[in-house]
1. Among the numbered criteria (1) on the phi > 0 side of the Ramachandran plot; (2) of a type in the set (A, V, I, L, M, F, W, C); (3) open to solvent by less than 60 Å² (accessible area, probe 1.4 Å), which single criterion is violated by ALA140?
2. For the stretch 240-251, what are the residues that are in a helix (DSSP H, G or I) and either crowded, with 17+ Cβ neighbours inside 10 Å or not basic (Lys, Arg) (or both)?
3. Looking for whichever is closer than 12 Å to VAL234 by Cβ and either at pLDDT below 95 or open to solvent by 60 Å² or more (accessible area, probe 1.4 Å) (or both) here; the options are ILE263, ILE268, ILE283. Which one fits?
4. Note down all Cβ pairs under 7 Å where the first residue falls in the stretch 311-337 and is farther than 18 Å from ILE261 by Cα and among the hydroxyl-bearing types (Ser, Thr, Tyr), the second is at pLDDT 95 or above and open to solvent by less than 60 Å² (accessible area, probe 1.4 Å), and they're at least six residues apart or on different chains.
5. Which residues, counting only those in the stretch 57-96, are within 21 Å of ASP367 (Cα to Cα), open to solvent by less than 30 Å² (accessible area, probe 1.4 Å), at pLDDT 95 or above and touching a Leu at 6+ places or on another chain (Cβ under 9 Å)?
6. Taking the stretch 117-135 only, how many residues are buried (at least 16 other Cβ atoms within 10 Å of the Cβ) and without any contact (Cβ under 8 Å) to a residue 40 or more places away in the chain?
7. Any chance you could count how many residues in the stretch 389-407 are within 17 Å of GLN23 (Cα to Cα), open to solvent by 30 Å² or more (accessible area, probe 1.4 Å) and not in a helix (DSSP H, G or I)?
8. If we only count strands (runs of 3 or more DSSP E) wholly inside the stretch 162-239, which ones have 3 or more residues that are open to solvent by 10 Å² or more (accessible area, probe 1.4 Å)?
Amino acid sequence: MKQEVQIKQWLKENRARGARLLQILVRENSTRGNESSTQALVIEKCRQLGLVLDIWEIGDAKLKKHPAYCCDRKSFDGNPNLVAVLKGTGGGKSIILNGHIDVVPVGDESSWKHDPFSGMIECGKLYGRGATDMKGGNVALLMAIESLVANGIKLKGDVIFQSVIEEESGGAGTLAAVLRGYHADGAIIPEPTNMKLFPKQQGSMWFRVTITGKAAHGGTRYEGVSAIEKSLLVIQRLQQLEKDRNEKISDPLFEKIPIPIPINIGKIISGEWPSSVPDTAIIEGRMGVSPEETIQAAQLEMESCLREICEQDEWLQENPLKLEWFGGRWLPGSLESDHSLMNELTNSFIDVKGIPPVVEASPWGTDGGILSTVGNTPVVVFGPGITETAHDANEHINLEDMFAASEIIALTLLKWCEVVE
């Protein structure tokens, strides 16, 4: 079709424009609580494109009372959500293009090859925190939309671009957008999938287990009960629980993922003095949730596991473990592999790349679970970006992948939303 040729030509001629936009966004620090300056740049870009803007600060009572809300942030003031709509003429399917503007902290800056917010381009790769996760994906979305606007292409269905905060801490920004009334016939989230299609995403949640021991002098440690030693029982049992849960998963989309739904111990706190028996140990970690199960079902398995530990240990019978669910939580999501949105994305992928895409399940959580479970919107996670460098030092993105993703998404918009002839 004529419009496809126009899209491809415009994107080819405006690659430098896209790379420059990504540089500008990466050079802004949009870690948690600092999203405003980067969001302002995105807002201005959407205003230039003539999109209908909705800008608001999240955190109202409706959001905080919702069962899917899980956030320890005290204030969202000054760091707004953005939804920008390319209005259709009517009669076509609508689509949400969802990206998050927040990034994780840079970590040890001495581990970085370049300044973490440099936006340095070297050998076709753009470096910086957020380049892969997921400002590169956001730019791919904006380029796809601009290719339509620049060529005067009208669609029947609405294109709903979302630039949200708080994805890295549990998805409050996307949940706020859903509760504000934004739903669609489909959604694409361009997280860094290495250009794979993820119709399924695991969920996850953070947990804290507190173990009580009995303090004593280290010279007579036999008079105490070491909370650290008891914590080893907990860790070993959680490792077995992880094994048991993963043995139940036979979905071929997880075939190349060694541990589809991990239980990760990320933090241990115990002890105050080398010569004392510690009376408290605290374990914090992340529990993966299968796309086919609920958060509540996974929580019950963890709770049952910890009860068994207490029943089998004389000390823990009298001093039971304390389990808390806190901090981040990401809902799982699942879409049929033959869903029409998957088919359209696959066809566009083949058009651009000349080969079928790799289809897998996501090894991490995304805002897709909120869009699909709370918003009742079918979701595919697909985007440029190198999964292995997300959250790591020297995070970077291959610009060629960003340009290809933009073209694939733009062609999908033509088919999904339908062109006004």
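1. With respect to (1) on the phi > 0 side of the Ramachandran plot; (2) of a type in the set (A, V, I, L, M, F, W, C); (3) open to solvent by less than 60 Å² (accessible area, probe 1.4 Å), ALA140 is out only on (1).
2. Residues satisfying the conditions are GLN240, LEU241, GLU242, ASP244, ARG245, ASN246, GLU247.
3. Being closer than 12 Å to VAL234 by Cβ and either at pLDDT below 95 or open to solvent by 60 Å² or more (accessible area, probe 1.4 Å) (or both) holds for just one of ILE263, ILE268, ILE283, which is ILE268.
4. Every condition considered, the pairs that remain are SER337/PRO199; SER337/VAL359.
5. Of everything in the stretch 57-96, those that are within 21 Å of ASP367 (Cα to Cα), open to solvent by less than 30 Å² (accessible area, probe 1.4 Å), at pLDDT 95 or above and touching a Leu at 6+ places or on another chain (Cβ under 9 Å) turn out to be ILE58, LEU63, LEU82, VAL83, ALA84, VAL85, ILE95, ILE96.
6. 1
7. Count: 2.
8. Those strands (runs of 3 or more DSSP E) span 203-212.
The values are calculated or read from the model by the stated rules, or taken from the named source; none is laboratory data. Fair warning: this is a prediction, and the values are worked out from it, not measured in the lab. Positions of Cβ are backbone-derived with ideal geometry, glycine not excepted, and every protein chain shown enters the neighbour counts. Keep in mind that these areas ignore ligands, DNA and RNA; they rest on the heavy atoms of the full protein, side chains included. Shrake-Rupley method; radii C 1.70, N 1.55, O 1.52, S 1.80 Å.
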